[in-house]
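Following: one structure in structure tokens, then a few remarks.
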Amino acid sequence: MTVLAVTEHRRGDLRDVSFEIVTAGRELADELGTDLSLAVIGGDVDGFADELNRDGVDTIYTIAEGEEFNHGIYMQTIEQLHAELDPTALLLPNTVNGLDYAPAVAGRLGLPIVTDVIGLEDGGVVEVIREQYGGKVETTYDIDAEQYALTIRPTEWPMAEEAGDAAIEAFEVDIDEDAIGTTVNGFEEVSGGDVDITEADVLVSVGRGIDEEENLPLVEALADALGATLSSSRPIVDNGWLPQNRQVGQSGKVVTPDVYIAIGISGAVQHVAGMKGSDTIIAINTDPNAPIFDIADYGIVDDLFEVVPEIIEAFGGEAPDV
């Protein structure tokens with residue numbers, strides 16, 4: 001018996017969710033009383049395996065097929081790994097790539113699947129937690145199956161950090177080239193791809209409270225004064241005031257900066273889902289009952305047009321007239 005977790009990489013780097021799925025996988029393996037296996041598919045598999053050799057991992061299987069993600073290769077590889085290892089649980093990242101192949105793999109293998117899992121509980125049987133109704137309700141599911149698949153939401157588990165002594169084994173797969181329906185020709189960032197908000201240490205995020213596009217230079221000046229990166233909630237992107245790659249939330253990007261400053265953002269569950277993993281959250285809003293204050297470490301109930309200029313000047317910047 002084993003728990004098999006599939007890791008993820010992009011453009012030569014392991015993604016954070018790969019280390020988070022190690023933590024989730026070890027937690028589940030402990031509940032089941034079994035070991036934890038990782039699969040590394042494509043790219044620099046040997047280098048990735050060394051990075052992923054963390055405490056709690058028993059075996060890392062490397063599959064040297066392809067460089068970037070390819071649906072057909074992942075499908076065939078996971079099917080063959082599953083046939084060889086016969087795992088009780090298959091853990092997959094709840095990411096754009098993971099959700100591309102997870103339902104197809106589960107369907108092909110005849111496995112029940114629970115997506116977007118945010119927690120695990122030990123209630124005598126394996127129980128998983130996921131959100132419903134836009135994050136308003138948490139639901140616990142009992143897994144009544146001998147084998148199953150789960151997709152793990154990024155940022156819900158801490159990244160595994162301590163070095164381990166896992167066995168590293170090359171796994172040979174027999175890829176049917178005729179069954180691969182797509183070819184990866186390159187990688188293009190979305191508009192404004194020069195900025196990746198997921199890599200920022202400090203984010204200044206703006207919401208509908210800014211009122212008009214003409215007021216955006218105010219928060220841009222704050223970001224400049226703090227050496228921060230500008231991000232936003234969905235209404236700002238929907239209005240066309242900032243590009244899609246700046247959006248934080250369920251339909252945007254999940255971010256985990258050291259400091260997240262929410263300016264004029266009410267804190268709808270869709271937005272909170274994308275930033276609640278931030279180390280320190282600071283909120284500025286005129287509404288004392290705004291949901292953002294429920295998760296904020298520091299809150300300022302005041303007019304952003306009064307507060308932001310003072311912060312800019314305190315950090316040596318110059319607030320524009322808006």
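Computed from the coordinates by the stated procedures, all read-outs in this text should not be read as laboratory data. What you see is a predicted model; the values in this text were computed from it and never measured. Reconstructed Cβ throughout: ideal geometry from the backbone, glycine too, with neighbour counts over all protein chains shown.
Miscellaneous remarks
- Remark: relative contact order (region 2-179) = 30 percent; criterion is Cα-Cα distance under 8 angstrom and separation of 6 or more residues.
- GluC sites (Glu not before Pro) restricted to region 170-279 and DSSP loop, no more than 12 other C-beta within 10 Å: Glu172, Glu188, Glu189, Glu212
- Taken about its Cα centre, the chain carries a charge dipole of about 800 debye when Lys and Arg each add +1 at the Cβ and Asp and Glu each add -1 at the Cβ.
- Long-range Cα-Cα pairs in the chain (distance over 28 Å), rounded percent: 46
- Convex hull volume per residue for region 1-97, taking Cα atoms only, in Å³: 84
- Fewest-first ranking of Ser205, Ser37, using other Cβ atoms within 10 Å as the exposure measure: Ser37, Ser205
- Relative contact order (percent, whole number), the chain, Cα cutoff 8 Å, 6+ residue spacing: 15
- 0 to 90° range, to nearest 10: angle between helix 96-109 axis and the chain longest Cα axis: 30
- Low-density loop cleavage sites - GluC sites (Glu not before Pro) in region 92-167, where at most 12 other Cβ are within 10 Å (DSSP): Glu146, Glu161, Glu162
- For the chain, the longest principal axis of the alpha carbon atoms and the long axis of helix 304-314 meet at an angle near 90°.
- Here the sum of -39500 (n - 2.57) over DSSP H runs of 4 or more residues, divided by the residues of the chain, equals -8000 deg cm²/dmol at 222 nm, to the nearest 500.
- Across the options Ile265, Val301, Val219, the greatest Cα extent toward the positive end of the charge dipole of region 197-314 (unit charges at beta carbon of Lys, Arg, Asp, Glu) belongs to Ile265.
- C-alpha long axis of helix 16-32 to longest principal axis of the chain, angle in °: 50
- Cα-centred dipole magnitude for region 46-120, charges only on beta-carbon of K, R (+1) and D, E (-1), debye, nearest 20: 360
- Longest site-free stretch - the chain; sites: trypsin sites (Lys or Arg not before Pro), DSSP loop, at most 13 other Cβ within 10 Å: 137-322
- Length-normalised contact order of region 71-176 in % [C-alpha pairs under 8 Å, at least 6 apart]: 32
- Distance histogram for region 2-179 (every C-alpha pair counted, 5 angstrom bins, percent rounded to whole numbers): 1, 9, 18, 23, 22, 15, 7, 3, 1, 0
- Neighbour counts of other Cβ atoms within 10 Å put His71, His271, His82 in the fewest-to-most order His71, His82, His271.
- Per residue convex hull volume, Cα atoms of region 197-314, in Å³: 87
- Within the chain, longest stretch clear of exposed chymotrypsin sites (Phe, Trp or Tyr not before Pro) (DSSP loop, no more than 14 other Cβ within 10 Å): 1-132
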